[in-house]
Amino acid sequence: MIVAGIRPIIAPVLRKLIIVMVNTDPRNGEELGAPFHHAAAAAALDYEVKGVMVAAAGRLLLKGVAAGLTIKAGSGVTVYDLLRQAHEAGARFYACPANLELLDKTEADLIPECAGLIGSANLMRQVMEEDVRVLTY
């Protein structure tokens, strides 16, 4: 029922997930599985998934870093394997340009699964959109 002068509230359809890895320490393998499993699951459910790696977690997008890390010792499954699985499911991963500068690296140092760069202002704009949910790790 619509009352004169009152408009019904229509909630936005949530189809976007942004995963921000900012507190995840690549030196602790146990912290690295969940973000990539969640990214793969959301992408498989047809959500638009962006993973943004900043601070120490930004190192995971550098060539050779994720490939040299495992979630569980002796499992043979690397962090890069999980990242690739999420990417193949449709998740897209982004590096922070300020992070690259901090690490004295360039885009040429990034793995092929890195879709590009998202700076701080761009990230803030995206996480404030109505149809977005954000998970941080």
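What follows is calculated from the coordinates using simple rules that are stated; it is not laboratory data. As the structure is a prediction and not an experimental result, all values here were calculated from the model. Neighbour counts run over all protein chains shown; Cβ positions are idealised from the backbone, glycine included.
Select one label from (1) 8.6; (2) 16.6; (3) 10.0: the one whose number is mean projected area of the Cα convex hull in nm² as derived from the coordinates shown.
Calculated mean projected area of the Cα convex hull in nm²: the matching label is (3).
Within the chain, what's the longest stretch lacking GluC sites (Glu not before Pro) that sit in DSSP loops with no more than 16 other Cβ atoms inside 10 Å?
1-128
Of A115, A43, T70, which is farthest on the positive side of the dipole of the chain, counting Cα position, with +1 on Lys and Arg Cβ, -1 on Asp and Glu Cβ, and the Cα centre as origin?
A43
Fully extended, how many nm does the chain gain between E107 and A34 (0.36 nm per residue separation, minus their Cα-Cα distance)?
In short, 23.7 nm is gained.
Which of L123, L83, L102 ends up with the largest GNM mean-square fluctuation for the chain, with Cα atoms connected below 10 Å?
L102
If r is the Cβ-Cβ distance from R133 to A73 and R0 is 25 Å, what FRET efficiency results, to the nearest 0.05?
FRET efficiency, R133 to A73: 0.15.
Suppose every K and R has +1 on its Cβ and every D and E has -1 on its Cβ; what is the size of the dipole of the range 31-137 about the Cα centre, in Debye to the nearest 20?
260
Given labels modelled 7 Å from the Cα in the Cβ direction, how far is it in nm from R125 to D25?
Between R125 and D25, the label points sit 3.5 nm apart.
Nearest 500 deg cm²/dmol is fine: what mean residue ellipticity at 222 nm does the chain get from its DSSP H runs of n ≥ 4 alone, each adding -39,500 (n - 2.57), divided by its residue count?
Result for the chain: -7500 deg cm²/dmol, rounded to the nearest 500.
Could you derive backbone 3J(HN,Hα) for the range 84-93 from the dihedral phi with the Karplus parameters 6.51, -1.76 and 1.60 (θ = phi - 60°), listing whole Hz in sequence and x where the residue is Gly or Pro?
Working through the residues one at a time gives 5, 4, 5, 5, 5, 6, x, 5, 10, 10 Hz.
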